[in-house]
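Values quoted throughout were computed directly from the atomic coordinates according to the rules given, and no laboratory measurement underlies them. Computed from a predicted model, the values in this text were never measured in an experiment. Virtual Cβ from ideal backbone geometry, glycine too; neighbours counted across all protein chains shown.
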Amino acid sequence: MHTFIRRFVTLCLAGLVVSQAAAAAERDPALERANRLLSKTILIDGHNDLPWAIRNDKTAPGDVDAYDLRGKVPGQTDLARLRAGHLGGQFWSVYIPGETDGHYARTQLEQIDIALRMIRRYPEALQFASSAADIRAAHRNGKIASLLGMEGGHAIGNSLGALRAYYDLGVRYMTLTHNVHLDWADSAAFPPVHGGLTPFGEQVVLEMNRLGMLVDLSHVAAETMDDALRVSKAPVIFSHSSARAICDVPRNVPDDILARLKDNDGIIMITFVAPFIDPAFAAVQKPAMEEFKQRSQGKSIEEQKAIQKEIFSKVTLPAVSIAKVADHFDHVRKVAGVEHIGIGGDYDGNSDWPVGLSDVSMYPNLFAELIRRGWTDRELERVAGGNLLRVLEKAESVARSMKDLPVPPGLAR
């Protein structure tokens, strides 16, 4: 009897909390408008690392069934929070680290397998997509369109044949580099060694154009951004990046590159990760990251995790506000135009988030902040997903125009 009463009281209190939250939302006209707008448009996020979180889950590593998105999970993404955030489309990152040698192809295939099994496991919520038309079809069905994005060209092993095989498995963008230089492209993580793309790197970009795979320039050096924009026949994307003029870190995008998105018709999907958003946060984190880079060279993944935990246990990081994120949106709108902005949260790939943007339920909070700054519904619809759909459709059109070109042999010389 006492157990029943406790459960009853708990349920009543939970209902009260939900009612209070709903009442608070109603008292905030901007948040109410944001929720209304997102309920009728397609909100597409460019980057979520959930497949890697599943692979590294402490309780059941790599077990798609055990990491149950129908319940509460350790990370930032589950079905209830996806619904609360009004997400309509997601590029699930099939990231693999480039810092360790060997087995790239095997690990990449395993990550694609995890992502595809995850999508199939939740047919009531997720629907596999590989085109703009698929995204719209999923939205009509009330499902979250689920696309795959590779993070790091190291996974192709200098082979265009491998690139084509990944495309056939459903991959629709590839980030040219992650945090290591390749034989054919410079990363933003270290001083350049190639000066951008090598001739084979240019071949990679053109083959991605021919396939209809989006060229993703997050994580790459500014010189690589420059070369890719020069070479690519299709719009490029930054799946999860922000503005260097606001937060001066190598990972972010300089204004001269942002301005070129107009001619390329590309898009920067602005990320929420605190060290790429707030200069004060970055200033505290930067020396810690430099120490981590020095001490983690040649170490295993587990050793790297231990070193990172030790270093950051001694660091006090400042809180970051949603206003700091909105500053990036305002800046990119001024430099590149609203037609070249999207959303690239990077959930489940980091642990440092602005207050009010700490999981996938919180997209409306960002849109409410932009509404308070005078952004129109039309602008917000473009940012939410309209711009990404345009870019994907144009990349598909370019691929059709290139379909009769000879297939390049595809190994780095």
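Given Cα pairs under 8 Å that are at least 6 residues apart, what percent is the relative contact order of the range 92-185? Walk me through the intermediate numbers first.
Details: 134 pairs, mean separation 30.1, N = 94.
Reported as a whole number, the value is 32 percent.
Report Rg/Rh for the range 40-111, rounded to two decimals, where Rg is the Cα radius of gyration and Rh the Kirkwood radius.
1.02
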Checklist entry - What span do the alpha-carbon atoms of the range 85-135 cover on each of the three principal axes, reported in whole Å from largest to smallest? => result 38, 22, 19
Checklist entry - Cα-based Rg (one decimal) and Dmax (whole number) for the range 279-347, in Å? => result 16.5, 44
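Test of understanding: what is the full-extension gain from ARG36 to HIS103, defined as 0.36 nm times their sequence separation minus their Cα-Cα distance?
That pair, ARG36 and HIS103, stretches by 19.5 nm at full extension.
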Checklist outcome for this item: With bins of 20 Å, the percent of all Cα-Cα pairs of the chain per bin from 0 is 27, 60, 12, 1
Checklist entry - Where the centroid of each part is defined by its Cα atoms, how far is the range 161-238 from the range 63-94 in Å? => result 28
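Sort the range 177-305 into rounded, prolate or oblate with this rule: let a ≥ b ≥ c be the square roots of the eigenvalues of the Cα gyration tensor; rounded if a/c is under 1.5, and if a/c is not under 1.5, prolate when a/b is larger than b/c, oblate otherwise. All intermediate terms of the calculation are to be shown ahead of the outcome.
Details: a/c = 2.19, a/b = 1.38, b/c = 1.58.
It is oblate, given that a/c is not under 1.5 and a/b is not larger than b/c.
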Checklist outcome for this item: Residue-normalised 222 nm signal for the chain, counting each DSSP H run of n ≥ 4 as -39,500 (n - 2.57), nearest 500 deg cm²/dmol, is -14500 deg cm²/dmol
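Take the Cα gyration tensor of the range 316-413, multiply each eigenvalue by 5, square-root it, and list the three semi-axes largest first, rounded to whole angstrom.
34, 20, 12
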Checklist entry - Using 7 Å Cα-to-Cβ label points, what is the GLN294/LEU405 separation (nm, one decimal)? => result 4.5
Next on the checklist: On a full-extension model of 0.36 nm per residue, what is the gain between GLU393 and THR376, subtracting their alpha-carbon distance, rounded to one decimal in nm?
Outcome noted: 3.7 nm
Checklist outcome for this item: Everything considered on the Cα gyration tensor (a ≥ b ≥ c; rounded for a/c under 1.5, else prolate if a/b is larger than b/c, else oblate), the range 179-245 must be described as oblate
Item to check | Nonlocal amide H pairs with ILE144, under 5 Å, H built at 1.01 Å | outcome: LEU126, GLN127
Item to check | Degrees, to the nearest 10: 255-264 long Cα axis against longest axis of the chain | outcome: 80
Item to check | Descending principal axes extents, the range 229-285, alpha-carbon based, whole Å | outcome: 40, 18, 15
